[in-house]
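Working notes for the structure below.
Read-outs throughout are calculated quantities, based only on the coordinates presented, and are distinct from any laboratory measurement. Values in this document were obtained by computation on a predicted structure and should not be read as measured data. As a convention, Cβ positions derive from the backbone with ideal geometry for all residues, glycine included, and neighbour counts pool all protein chains shown.
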């Protein structure tokens, strides 16, 4: 059984260590590395003193305990020599030696995947953005990846689940650990609509540095990363940094420079990340790569109804039905949103668009108001999410 060798290797090298890539390059499998002479593998894979000492200090019973725990709790082990191991993770600088997966096994290699990241203490607007974007992408065939935590993560997973799509929760601890008990219901729901995934054995607790390591897997698994909100020194920015280093697309919802939760986000845009004005920006980016995977939503719904829907959802009680009565699709599409739900700046922008009629761009609002482009882009996103406008080809918009 090759899994036991990979688990041993993981404990020898440590979790998230870049020596894993050197082992794979030099030996291909953990078993071949195990069988090689110590002096050779220490030199070839540049093991440090701690790692070299562990070559003969990992108790065999510890390895079999991991295997037994996985079997008992329905956790699959996927290793780099498994055909289902994500090829995207083999291409990052520090691939995991083993992945522990609970839920439905998934072919990451042939499905478009987007990671959605945001802070735990997320604004109401950011929560709605994460929910609606995840709902829309999952409806079109995307796998939605997030971190299984509260705040932005929960909203993203909930949106994907609501769309009956596939979602992956990437954890910074073992799947059966007692980490973040308050979100255990959501994690259980994720296993029914996708899977939980981690590089840590089932009962491994949270350790220092676990979440930056976890974040590299979130971005590594995805084609691109959506940043909902990000303060300058936030974990969200760490994920965006990993994504950029891995050559992944980074999409950012722009916001007011005066708000701390957008200062990191706006800096990403200034450094070359793509401002996200519509879910269509993501869909169109990957449509040519996955023409047989990306499709029209299963059920067309107006975005303003999706926004209202989340207001009646308790993120930590995922099994409770929403209080909102779902009307027929054609009735929802014709419902007109109320400007009272908008920010003052968004009201100014929609009034400009209403005066222009036909189609328009964000630059039109910049030209006709005293707002900067970053503020206008934030307003455009707000207007689309709240159902006032919709994207059309050519980077333009029209009134709904």
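Relative to the dominant Cα principal axis of the chain, helix 124-139 is inclined by about 70°. Fully extending the segment from residue 71 to residue 370, taken as 0.36 nm per residue of separation minus the present Cα-Cα distance, adds 101.5 nm. By the beta-carbon count within 10 Å of each Cβ, the least crowded to most crowded order of 218, 371, fewest first, is 371, 218. Among 73, 56, 17, a tally of other beta-carbon atoms within 10 Å of each Cβ gives an order, fewest to most, of 56, 73, 17. Rounded to 0.05, the FRET efficiency of the residue 64 and residue 245 pair, given R0 = 41 Å and the Cβ-Cβ distance, is 0.70. Kirkwood radius, the chain, all distinct C-alpha pairs, inverse of mean reciprocal distance: 22.2 Å. To the nearest ten degrees, helix 260-270 and the longest principal axis of the Cα atoms of the chain are 80 degrees apart. Using a cutoff of 8 angstrom between alpha carbon atoms and counting only pairs six or more residues apart, the relative contact order for the chain works out to 13 percent.
Quick one: angle between helix 235-245 and the longest Cα principal axis of the chain, in degrees between 0 and 90, rounded to 10, please. Result, in degrees: 70. Quick check on the range 41-104: take the gyration tensor over C-alpha atoms, sort the square-rooted eigenvalues as a ≥ b ≥ c, and tell me if it's rounded (a/c under 1.5), prolate or oblate. Because a/c hits 1.5 or more and a/b fails to exceed b/c, the range 41-104 counts as oblate. Is the shape of the range 1-141 best called rounded, prolate or oblate, per the rule: a/c under 1.5 gives rounded, else a/b larger than b/c gives prolate, else oblate, with a ≥ b ≥ c the square roots of the Cα gyration tensor eigenvalues? Prolate.
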